[in-house]
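The values are calculated or read from the model by the stated rules, or taken from the named source; none is laboratory data. Just so it is clear, the structure is predicted and the values come from calculations on it, not from any experiment. Quick reminder, even Gly has a Cβ in these numbers, built from the backbone with ideal geometry, and neighbours come from all protein chains shown. For accessibility, only protein heavy atoms count, side chains too; no ligands or nucleic acids. Shrake-Rupley method; radii C 1.70, N 1.55, O 1.52, S 1.80 Å.
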Number of protein chains: 4
Amino acid sequence: MTAPSAVKAALSSQSIETPSWAYGNSGTRFKVFAQEGVPRDPWEKIDDAAQVQRHTGVAPVVALHIPWDKVDDYAALARHAEERGLRLGAINANVFQEDEYRLGSVCHPDAAVRRKALDHLFECVDIMDATGSRDLKLWFADGTNYPGQDDIRARQDRLAEALAAVYERLGEEQRLLLEYKFFEPAFYTTDVPDWGTAYAHCLKLGDRAEVVVDTGHHAPGTNIEFIVALLLREGKLGGFDFNSRFYADDDLMVGAADPFQLFRIMCEVVGGGGLGPGVAFMLDQCHNIEPKIPAIIRSVMNVQEATAKALLVDREALGAAQSAGDVLGANAVLMDAFNTDVRPLLAELRAESGLAPDPVAAYHRSGWAEQITENRKGGQQAGWGA
Amino acid sequence: MTAPSAVKAALSSQSIETPSWAYGNSGTRFKVFAQEGVPRDPWEKIDDAAQVQRHTGVAPVVALHIPWDKVDDYAALARHAEERGLRLGAINANVFQEDEYRLGSVCHPDAAVRRKALDHLFECVDIMDATGSRDLKLWFADGTNYPGQDDIRARQDRLAEALAAVYERLGEEQRLLLEYKFFEPAFYTTDVPDWGTAYAHCLKLGDRAEVVVDTGHHAPGTNIEFIVALLLREGKLGGFDFNSRFYADDDLMVGAADPFQLFRIMCEVVGGGGLGPGVAFMLDQCHNIEPKIPAIIRSVMNVQEATAKALLVDREALGAAQSAGDVLGANAVLMDAFNTDVRPLLAELRAESGLAPDPVAAYHRSGWAEQITENRKGGQQAGWGA
Amino acid sequence: MTAPSAVKAALSSQSIETPSWAYGNSGTRFKVFAQEGVPRDPWEKIDDAAQVQRHTGVAPVVALHIPWDKVDDYAALARHAEERGLRLGAINANVFQEDEYRLGSVCHPDAAVRRKALDHLFECVDIMDATGSRDLKLWFADGTNYPGQDDIRARQDRLAEALAAVYERLGEEQRLLLEYKFFEPAFYTTDVPDWGTAYAHCLKLGDRAEVVVDTGHHAPGTNIEFIVALLLREGKLGGFDFNSRFYADDDLMVGAADPFQLFRIMCEVVGGGGLGPGVAFMLDQCHNIEPKIPAIIRSVMNVQEATAKALLVDREALGAAQSAGDVLGANAVLMDAFNTDVRPLLAELRAESGLAPDPVAAYHRSGWAEQITENRKGGQQAGWGA
Amino acid sequence: MTAPSAVKAALSSQSIETPSWAYGNSGTRFKVFAQEGVPRDPWEKIDDAAQVQRHTGVAPVVALHIPWDKVDDYAALARHAEERGLRLGAINANVFQEDEYRLGSVCHPDAAVRRKALDHLFECVDIMDATGSRDLKLWFADGTNYPGQDDIRARQDRLAEALAAVYERLGEEQRLLLEYKFFEPAFYTTDVPDWGTAYAHCLKLGDRAEVVVDTGHHAPGTNIEFIVALLLREGKLGGFDFNSRFYADDDLMVGAADPFQLFRIMCEVVGGGGLGPGVAFMLDQCHNIEPKIPAIIRSVMNVQEATAKALLVDREALGAAQSAGDVLGANAVLMDAFNTDVRPLLAELRAESGLAPDPVAAYHRSGWAEQITENRKGGQQAGWGA
């Protein structure tokens, strides 16, 4: 096994990006259950994100979602973050929540709607310029519900046109991250349904266009770590939207549904050289029934534990068993790392950085939950606004 | 093949129940797109349902959803329906849209919440008494999102207790229809996830407890017609919630995603003697992006066409081929009926009843859409209120 | 957490049943790869099973498959087992490998084929009488490939008739275990496709008919621990066929694909009182590309590790968090047990019983693999004979 | 709707390729049921294929599978085909049925095994030279069963190297068709699991490398027509392996499980200009329980009927409704074509070509089945030899 000190060094360099919207209310089409103390605006979301960073030490970045996080002064928001030990991360565009988008946004049959959507994407790049964000994350809800509803191929043409226009608009240090999703909210076709479609578009756009893997956006049974390995081999893995699922896009806490899968994904990341800054480790979750801040702390810890286990894999022994065709031996090397309890090692790492060994317990002790419950009365709680 | 006259006679006896909520707005967790002319209250929903009946002639029943269709005077609502050639159908209980139900309703760990939910179910039975409805349709959103969150078995005990109390409360002519659903809105366990669970509970309740098959509520690949055949054999098929799906519970127009599956289901219904009043043929759909009334008309027609094809199956030839072990011959008999274009036969049937041959075209000619767009301005459009 | 001594005591009482056929060759429809040293007959299979027991100490039972394990003298086979510290377990009937069974066995449209199948089932009961086996495990490959091919309901009638005849034939101490399977080898309908169907039949048969859960026989996304909890609650869980899967019925080593799922299943077993003799913990696996004996040792260890973790769950804390509606707290209690490395505890337990701490390493040191490679040359290797 | 004469003209140009192996025995891992009259060698397979062509008139090509169809003189085999109105189609390589391929072929960790596999691929190109075949169809069973077993990325490198070597070896008029498959026979990773992987490799190889879509090789819920539309847009659709499935890779008769899906696929083919010679319409099926020749005739008819319906789609009306955002109108245009009974039109088309209107009935009248049952006694029936 890898030496604990090397594991700790590698872990210290990891940085996890939490999503502003996960601090707000979310739900299913059946019901959004309100919770006490939920932020009313982006400033309060960042205050909550600072708590996650305070107790975990590895979550110094917050992603924004526009227009949910629209403010008058993005530079001020960036300063607000900075003062709390955070920086602003990916800008997530939203072209699915206005009535014009009923039949799509950049793939819509009507050029006027496409133009409106494109303008929003340009606005997001403007915001990136103001916040210093590197990544523009594009997820399109575009698709169709009924066979025949629209022309699959024509929609691809429209998509390609919009992506090219946005890519053109990006600065040299900025990236376009294209996310794919198997289905939802469209139920027959989705215009970017799989990694292959996202990859094909990114390939044509250029080096600064890369694919985002949302771990909840695949068909049942899909081998996600395989996709991760492929994209890393092609130099096209831009980042992750982490969460977990039992069925569809459940958006549960990452690692909650299948911790072994998360470990396997991190093994490919580590093995493929993806643990550097080129791959953004973002969360994209919904805490519909559980309190949000501790759920996000737990999620950050889950990513960290999986990363630690992946770092522990004895790569030399693994490679030797693989080369020898020793099926059970190679599998045993992997499982040995997975079966190791890395919590003591992570507690040590935290202690070395002056953090409490158990971030969730530390959060509960901190009184923050009581404080926001008290202070955030009145106003309109932040949410998806669906 | 069966004689067209016999097919027409059987079709004339079929009655399809449309859901009041399908006339209102609906959407996904990402967005509810408002449409023009949508009803503002149950009275207007019934007005729309009357249009479906007017043009199809086989949809004389409307199901209600409480509290979405709460009115002061249910007898008046029943008269409103009757004056429009309709009657009120199943009462659908809703125990998933109040903040108390965050962790479930009748399966909730807290007895006070369970009591509240049970009171609502009793209220629904009171409404049935007032409307003359035969069926209480129970779908529970109950479940858990995370492993360990609650005790699976204890929740079954609570469920059984609530069902027994409701069953006890029913009149002699009233039925309890228990619906199962694979997942959503709960993402780890669902307390009634499959027909087996619903069946086991109904068996213990008694003869007037039966299972509802929602065609969108199954795991990928599930053979629904098999379940239909089994439940009919056990005398436990209470009805259908028809819709169609490509992925999860998409709630698309029935027959839109897999018309061959709908035909196979209707073949089992016809073959198993389910085409009588004991099986309720209900729709349960969401018309998120398409206009609602013509979508419901189309859905009713799709059920009717599938039924017509199922009635056309040459049962004698089918039985002979099956007994002889003639795989291709038996399959060919079934496919012969499916491949038949039954639209001319249905046009004839409508003409014989004084209806226009093409219900959708007739609806469009009727001017109703323009009329409601004009008249239903202002007010709060009906919807799920999630 | 539960005290280690209590965990060890409970673990000592567990007994895992290995399948004779897993020691022989197996493969996919594309290829059966032969391996060196594979047994040529049931006697040699039992010799291999004895090695698994020798190194793990918790696998003293071997299941037989008839006719693959047909011998002239079953009492002699039982003695052969006993001399090696084993006893014979479930008798698995095979009514799918003769040309007459092309369209099914007990559900076949032709009464003569049904009679032939039933005679085989009776023969299996005779063998049980000779071997002292308690359980008759029935898995039927019956089903259809094409819509219309046969009558779903008539096949259920035939199935019910056959099951009743077999049940009638059983002795007072013998059980009928009915296994369900989602699909394969039939591709359109399967006559016992889900737990609901198996349960409904067992219910009518009587107390000594129970359901077997094969962990690889479900639709994608099915919550298996839910089914386990339900069957335990109904007193109808007869046992498991353990294995693991990523896609269909992959028959990989149990715990290899989703160790967290295996843990959750064992949590329900422990919580539902299923860790006694009433539930048979059987393996049903195919080691197509890996050496068979160490794969089975690993599988036994995987079940044991999952059981240990399930026993470690702090039930009191779990119950308290569940009652309080503390979603994250309850989940954390469960995860705490799962994240614990139980390998040291199991090594201790083995040492206390005079076993080597690492059964796989001990097997490799034993020289058995080399011995059988040398001694089992010539002859016909055992396999499925498809 | 399109004029029937134009539909007939387009249909006359379609040519469907039947697979030699579908005339031989096949089965599942549980059992291969032998049938009477099955061919014993490639010459007899071609005799059977000639019957399919004789009665359908649109199946003049037969694909070969090496080594199952190995003969001493391929030119003689080509003449044998030609004398029966057929020509030889794609050469299908088989690098999965020798013991060396237990851990893969071109992706195997051992260079010697990779070399052996590559030599076989070269041999297939030699055979193409001899038979005049245009297409080399490559499907690799390569993959792994257990996490850690081998390095995902290293296997991609090996795959890329082998593909490049084969591509290099092809003549100017020859193509490499790369097939992907979701899973089976490998159960954890498959080295070419999806269209994206196949596409990425073909892109690097060059213009004469294209993707094959086997309709049974996708994850549950995958929208296959979307992939077809994308590949046509990219100029990378080399052909189809048609069959149908309810669950995994069931290899049932094409159109048997979901005729509406087959229609939608053919709509994309027609709309995307794929109905020319550039796309090979191949069958790849297993007739495990039904007689093979009539099953293949039925399959050819199913493709033809779906094509006819796709040609009937009123493209002008469809485009108008799509542009106008008329969801229900556009869907109705598509469904109108699907609901049309095209069997009379196809009967006419056959009559115009001097064929019997019902190919299956004509086959049964021909006496061929009785003749081969009588003449093909003794010898070794052809099969997969797994």
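Tabulated values for the structure
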quantity	calculated
Carbon + sulfur, % of accessible area of segment D:14-303 - ligands and nucleic acids excluded, 1.4 Å	47
Proximal charge balance of residue C:17 [Cβ under 11 Å; K/R count +1, D/E count -1]	0
With all protein chains modelled, accessible area of residue D:195 [1.4 Å, Å²]	10
Distance cut-off 18 Å, percentage of C-alpha pairs in segment B:77-219 lying past it	55
Relative contact order (%) - segment A:21-120, alpha-carbon pairs under 8 angstrom, separation at least six	20
Segment B:172-218 versus segment A:84-146: alpha-carbon centroid distance in Å	41
Cβ crowding within 10 Å averaged over residues, with D:275-283, B:240-248 ranked highest first	B:240-248, D:275-283
Solvent-accessible area buried by C and A, counting both chains, probe 1.4 angstrom, square angstrom	2100
Net charge of Cβ neighbours under 11 Å - reference residue C:183; Lys, Arg +1; Asp, Glu -1	-2
Label 7 Å beyond Cα on the Cβ vector: residue A:171 copy-to-copy distances, nm	5.8, 7.3, 8.4
Scattering profile of segment A:176-218 at q = 0.21 Å⁻¹ [log10 I(q)/I(0), Debye over alpha-carbon scatterers]	-0.61
Of every Cα-Cα pair in segment B:1-157, the percent that sits beyond 26 Å	42
Choice from B:49, B:320, B:63 with maximal GNM fluctuation in chain B (Cα, 10 Å cutoff)	B:320
Rh (Kirkwood; distinct C-alpha pairs) - segment B:14-303, Å	19.1
Within-10-Å neighbourhood charge of residue A:30 [Cβ basis; K, R +1; D, E -1]	+2
Pairs of Cα atoms farther than 13 Å apart, segment C:314-360, %	62
Estimated FRET transfer efficiency (residue D:73, residue D:314; beta-carbon r; R0 56 Å; 0.05)	0.65
Quarter of Cα convex hull surface for segment D:148-283, i.e. mean projection, nm²	8.4
Solvent-accessible heavy-atom area per residue, rounded to whole Å², over chain B at 1.4 Å	31
Antiparallel bridge percentage (DSSP; both residues within segment D:14-303; nearest 5)	10
Mean Cα-pair separation over length for segment B:84-126, i.e. relative contact order, pairs under 8 Å, 6 or more apart, %	33
P(r) of segment D:27-99 over all Cα-Cα pairs, binned every 10 Å from zero, in whole percent	18, 44, 31, 7, 0
Position residue C:380, label points 7 Å along Cα→Cβ, spacing to each other copy in nm (shortest first, one decimal)	1.6, 7.7, 7.8
Under Karplus coefficients 6.51, -1.76 and 1.60, residue-wise ³J(HN,Hα) of segment B:26-38 in Hz, glycine/proline x	7, x, 10, 5, 8, 5, 9, 7, 6, 10, 6, x, 5
Cα-only radius of gyration and Dmax that characterise the protein assembly as shown, units Å	31.6, 91
Too-long pairs where the Cα-Cα distance tops 20 Å, listed order kept, from A:31/A:116; A:31/A:70; A:181/B:31	A:31/A:116; A:31/A:70
Segment C:82-176: GluC sites (Glu not before Pro) in DSSP coil with no more than 12 other Cβ atoms inside 10 Å	C:172, C:173
Estimated distance in nm for a label pair at residue B:376 and residue B:82, the labels positioned 7 Å out from Cα along Cα-to-Cβ	2.5
Debye equation applied to the C-alpha atoms of segment B:252-376, log10 I(q)/I(0) at 0.09, 0.18 Å⁻¹	-0.34, -1.06
Longest to shortest principal axis, alpha-carbon extents of segment B:86-133, angstrom	39, 15, 13
Average Cα contact separation per residue, chain D, under 8 Å, 6 or more apart, as relative contact order %	22
Label geometry 7 Å along the beta-carbon vector: residue B:314 inter-copy distances in nm	3.3, 7.0, 7.2
